[in-house]
Amino acid sequence: MPPRGKGGTQARQTQKRTAASVRPALPREFIALHKQRRIMDALAELTAEQGYEATKISDIVKRAGVARKTLYDNFEGKEEVFLAAFDAARDEILRRVEEAGADGDEDWQDRVEAGLAAFLGFVAEQPTLARMCMIEAHSATPATTKRYEDSLETFVELTRQTLPRDERLPGTIAETLVGGVAWIVYQQIRRGEAERAEDLLPELTEFMMAPYLGAGMAE
C-alpha cells in the first residue's frame, strides 16, 4: 500500500518530480514550429472572420495563446505571418495535386481529374485557409497580391505540363483554364460554401477537358 500521512505525500511528490525529470524534453525546434503554426492558424481564422485590415496583432496573439514577444521573435509583423500561412497552404495544395497526378500509367484526363479532386478536397477540408488564400490575398497588401499571382503561375505551369499539346488551341489555354477554375472556386468560397467544394468536381473536370474533347465528350 502507498504510504499515508505527511511522509507519504512527500514520497508521492518526489516520485512526480523524478518522473518529470526523466520525461524527454521536446526539441526547441519543435516547440518553435508549433508556436509559429498556432500564430499562422490564428491569423487565418481571424482574417476569415473579420478581414485582414481589421485583424490586429493583439487579436492574433490572444487567439494563438502566445505572448506578443513570441510573435515578433518569429515574424516581423502581421503581413509576414499572412505570407507564411499562405506559403504553407500553397505548398500543401501543390503537394496534394502533384501526388494525385503522379501516376504515369494514367492518361492526362485521369491526371487532370485527380488533381482537381485533390485541390477541391483541400478547400473543403480547410475552408478558413482557402478563404485566406483565394479571397483575402487578393487585396490584403501588395505583397500578398503578388504572392497570389505568383502561385497562380505555378499552377499554370503544372497544368501546362499535364495537358496535351494541341496546335488548334491558343498558347494561353492553360492560363485560361486555371483562371477559370480559380474564379469558380472563389465564388464558392465567397458564398460560404467552401465545405461543398468537392461538388464542383464534375463541372470543373468538364471545363478543363472541353477545349480538347468537346463539351459532349468531356461530360
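The values are calculated or read from the model by the stated rules, or taken from the named source; none is laboratory data. Please read all numbers here as calculations on a predicted model, not as lab measurements. As a convention, Cβ positions derive from the backbone with ideal geometry for all residues, glycine included, and neighbour counts pool all protein chains shown.
The residues of segment 47-57 that are at pLDDT below 95 and either in a helix (DSSP H, G or I) or in contact with a His (Cβ under 7 Å, 6 or more places away or on another chain) (or both), listed by number, are Thr47, Ala48, Glu49, Gln50.
This table checks each residue for (1) under 14 Å from the mean Cα position of the chain (by Cα); (2) in contact (Cβ under 8 Å) with a residue 24 or more places away in the chain.
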site: Asp73; (1), (2): no, no
site: Lys78; (1), (2): no, yes
site: Arg90; (1), (2): yes, yes
site: Ala114; (1), (2): no, no
site: Phe119; (1), (2): yes, yes
site: Ile135; (1), (2): yes, yes
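For segment 165-179, does any single residue satisfy the condition of being among the charged types (D, E, K, R) and in contact with a Leu (Cβ under 9 Å, 6 or more places away or on another chain)? Looking through segment 165-179, at least one residue is among the charged types (D, E, K, R) and in contact with a Leu (Cβ under 9 Å, 6 or more places away or on another chain). Restricting segment 153-178 to residues that are of a type in the set (Asp, Glu) and touching an Asp or Glu at 6+ places or on another chain (Cβ under 9 Å), the residue that is surrounded by the most Cβ atoms within 10 Å (Cβ to Cβ) is Glu175. Name the one entry in Ala85, Ala140, Ala130, Ala89 that is closer than 27 Å to Ser58 by Cβ, touching a Gly at 6+ places or on another chain (Cβ under 9 Å) and surrounded by 19 or more Cβ atoms within 10 Å (Cβ to Cβ). After ruling out the rest, the residue left standing is Ala140.
For segment 101-113, a residue qualifies if it is buried (at least 20 other Cβ atoms within 10 Å of the Cβ) and either part of a loop (DSSP other than H, G, I, E, B) or touching a Gly at 6+ places or on another chain (Cβ under 7 Å) (or both), and exactly one does: Gly101.
Might you check whether a residue that is over 18 Å from Val97 (Cα atoms), over 18 Å from the mean Cα position of the chain (by Cα) and outside any helix (DSSP H, G or I) occurs anywhere in segment 142-149? Among the residues of segment 142-149, not one is over 18 Å from Val97 (Cα atoms), over 18 Å from the mean Cα position of the chain (by Cα) and outside any helix (DSSP H, G or I), which makes the answer no. The residues of segment 191-205 that are more than 9 Å from Leu120 (Cβ to Cβ), within 17 Å of the chain's Cα centre (by Cα) and either assigned to a helix (DSSP H, G or I) or basic (Lys, Arg) (or both), listed by number, are Ala194, Glu195, Arg196. In this structure, Ala140 does not qualify as of a type in the set (A, V, I, L, M, F, W, C) and modelled with pLDDT of 95 or more.
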